[in-house]
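Encoded as structure tokens, the structure appears first; notes follow it.
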Amino acid sequence: MAYALLFSVFVISTCGLVYELTAGALASYLLGDSITQFSIIIGVYLSAMGVGSYLSRHIVRNIITVFIEVELLIGLVGGCSAALLFTLFEVAAHFRPILYTLISVTGVLVGLEIPLIMRVLKNRFAFSDLVSKVFTFDYIGALFASLLFPLVLVPYLGLIRASFLFGGLNVVVALWALRLFRGETIRPRVLAVTGGVLLALLAAGGVYSGSILHFTETLGYKGNIIYAKTTPYQRVVLTQEGNSLQMFLNGNLQFNSRDEYRYHEALIHPGLQSLTNPRDVLVMGGGDGLAVREILKYNSISSVTLVDLDAEITRLFKTQEVLVRLNKGSLNSPKLSLVTADAFVWIKENETLFDFIVVDFPDPSSFSLGKLYTNTFYRLLYRALRDDGVIVVQSTSPFVARRAFWCVVNTLESVGFRTTPYHVYLPSFGEWGYVIASKKTFTMPAGFMPGLRFINSESAKAMTEFPPDMGPVATEVNRLNNQVLVRYFEEEWSRYVP
């Protein structure tokens, strides 16, 4: 019996850490800046666990009954937490207080578990032996959860189904303890029925978790959701509204097929058109193949290397007919070499020189993305660029995030690049900015290839002119050890996106 309860310590420790990791991952998906969100969630959760441990001293009677009741409550609250938070994010006016309140409640309940189970076991082991055994199983459970969460739960179950599953495990622990101590509990029949009902509820939630997530996403997206999947790196959603197709990553719009040509023509053609017979091109990010589509319009191109972290994105845009039509089959071109890798790691090991480099990452909304906008990363790009080559960097909105935009410019210049900032108006995004970086002075092309829908000599010239409210401002250089760009970005975008 004693060792059965010790194994329960392993299970409840695993469940407790899964709830914590789920909340941190969910907060980073929905609110951005994964390091900040995980830090706050961990701090709130651990402090709540401390409160729970302190409150356990006031429980002096019916210890095993209270332990079973706590397990049932954790199963209900923790198991339903992900589904509840996804839904409330779309409908609640103030999401953060709800998030931290739910985390606090879960943490208090989890904090009660170990003190209670130690008091149940105190007459079965010597104190020193009891402490060592309980904390050994507790820490092993934490290790198991920390490995299971990124390798299995997120990519294969998703956050909602994983929460329901581990909520069910807490209920199973409660029912197992009820069976072991049936003669020592109060209202065993009520506890058994409650546990059975909760187990059925959580099982149903697990079975229908896909439908629950689909429902929550329909609250936040216009149009019909035609594809949705959680990859190891992000939540991918495709929606269709009339004749237009939109892609969202972690809830942020990446493109709208109605006007994406403006973005991608502006991204590619000013830089690439300026080169004489460019041959070798590197694209970092851009796993949708839309930038590659524009690059392949140049007959002189002999090779395109595409480096993208998420294999699911490139697989999707290589195989789905409607998406292949959109990128004109660019990801299936024999000229393309597809590399699935972290761009920061890959560029450090790269020894190839390129004529043209496209840096098309998502905005620097987190430190994991911000590292791809640092002077360290740009030095590596400088090394990979031929002397007469050109780099173009997607650089967020110079209107909404003025300091963030000019921080990119200033960081590029800090490593020796000469820069040419420019901007365009995109109906789906508003004013959007880019930076061309080169080792020599760059001159905007006087003419462009025929057949482009947006870029010509007149529009290209206008793109380099900045009105006063988007003009240059002094900023710090974005470095790996300060990530000032992420702070600029968060502060400026928060004024427009609540």
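Bear in mind that the values in this text are calculations on the coordinates, not laboratory data. Since the model is a prediction, treat every value here as computed from it, not as a measurement. Glycine also receives a Cβ, built like all others from the backbone with ideal geometry; neighbour counts cover every protein chain displayed.
Over the stretch 130-230, what is the relative contact order in percent, taking alpha-carbon pairs closer than 8 angstrom and at least six residues apart?
32 percent
How high is the relative contact order of the chain, in percent, with contacts defined as C-alpha pairs under 8 Å that are six or more residues apart?
13 percent
Placing one identical point scatterer on every Cα of the stretch 2-208 and ignoring solvent, what is log10 I(q)/I(0) from the Debye formula at q = 0.09, 0.11, 0.15 Å⁻¹?
For the requested q values the scattering log ratios are -0.33, -0.49, -0.92.
Compactness ratio of the stretch 320-387: Cα Rg over 2.2 N^0.38 Å, N = residue count?
With N residues counted in the stretch 320-387, Rg over 2.2 N^0.38 Å equals 1.32.
Translational diffusion coefficient, Stokes-Einstein: compute it for the stretch 262-493 using the Kirkwood radius over C-alpha pairs as Rh, at 4 °C and 1.567 mPa s, and state it as an integer in µm² s⁻¹.
73 µm²/s
Set the Förster radius R0 to 25 Å, insert the Cβ-Cβ distance between Arg187 and Lys122 as r into 1/(1 + (r/R0)^6), and round the FRET efficiency to 0.05.
0.55
Any of Lys297/Lys318; Lys348/Lys371; Lys222/Lys371; Lys297/Lys328; Lys222/Lys297; Lys335/Lys461 with alpha carbons more than 21 Å apart? Name them for me.
Working: Lys297/Lys318 18 Å; Lys348/Lys371 13 Å; Lys222/Lys371 32 Å; Lys297/Lys328 11 Å; Lys222/Lys297 33 Å; Lys335/Lys461 31 Å.
Going by Cα-Cα distance, Lys222/Lys371; Lys222/Lys297; Lys335/Lys461 fall outside the 21 Å limit.
Compute the semi-axes of the equivalent ellipsoid of the stretch 312-444, taking the square root of 5 times each eigenvalue of the Cα gyration tensor, and list them largest first in whole Å.
Three semi-axes, in Å: 25, 20, 15.
For the chain, what does the equivalent ellipsoid look like in terms of its semi-axes, each the square root of 5 times an eigenvalue of the Cα gyration tensor, given largest first in whole Å?
Values: eigenvalues 545, 100, 78 Å².
In descending order the semi-axes read 52, 22, 20 Å.
Principal axis lengths of the stretch 363-428 from Cα atoms, whole Å, largest first?
35, 26, 18
What are the semi-axes of the equivalent ellipsoid for the stretch 399-473, taken as the square roots of 5 times the Cα gyration tensor eigenvalues, largest first, in whole Å?
The answer is 21, 18, 10 Å, longest axis first.
Can you tell me what percent of all Cα-Cα pairs in the stretch 199-325 are more than 21 Å apart?
Cα-Cα pairs of the stretch 199-325 separated by over 21 Å account for 50 percent.
Rg and Dmax of the stretch 1-60 over Cα atoms: what are they, in angstrom?
That works out to 14.8, 45 Å for Rg and Dmax.
What are the residues whose amide H is under 5 Å from the amide H of Ile357, where those residues sit 5 or more places off or on another chain and H is modelled from the backbone?
Residues meeting the amide H criterion: Leu282, Val390, Ile391, Val392.
Label 7 Å along Cα→Cβ of Arg315; the stretch 222-245 residues with amide nitrogen under 14 Å?
Only 228-234, 236 fall inside the zone, counting backbone N under 14 Å.
Write out the trypsin sites (Lys or Arg not before Pro) in the stretch 413-498 meeting two conditions: DSSP loop, and at most 13 other Cβ atoms within 10 Å of their Cβ.
Lys440, Arg453, Arg495
So which GluC sites (Glu not before Pro) in the stretch 351-441 pass both tests, a DSSP loop state and at most 16 other Cβ atoms within 10 Å of the Cβ?
Glu351
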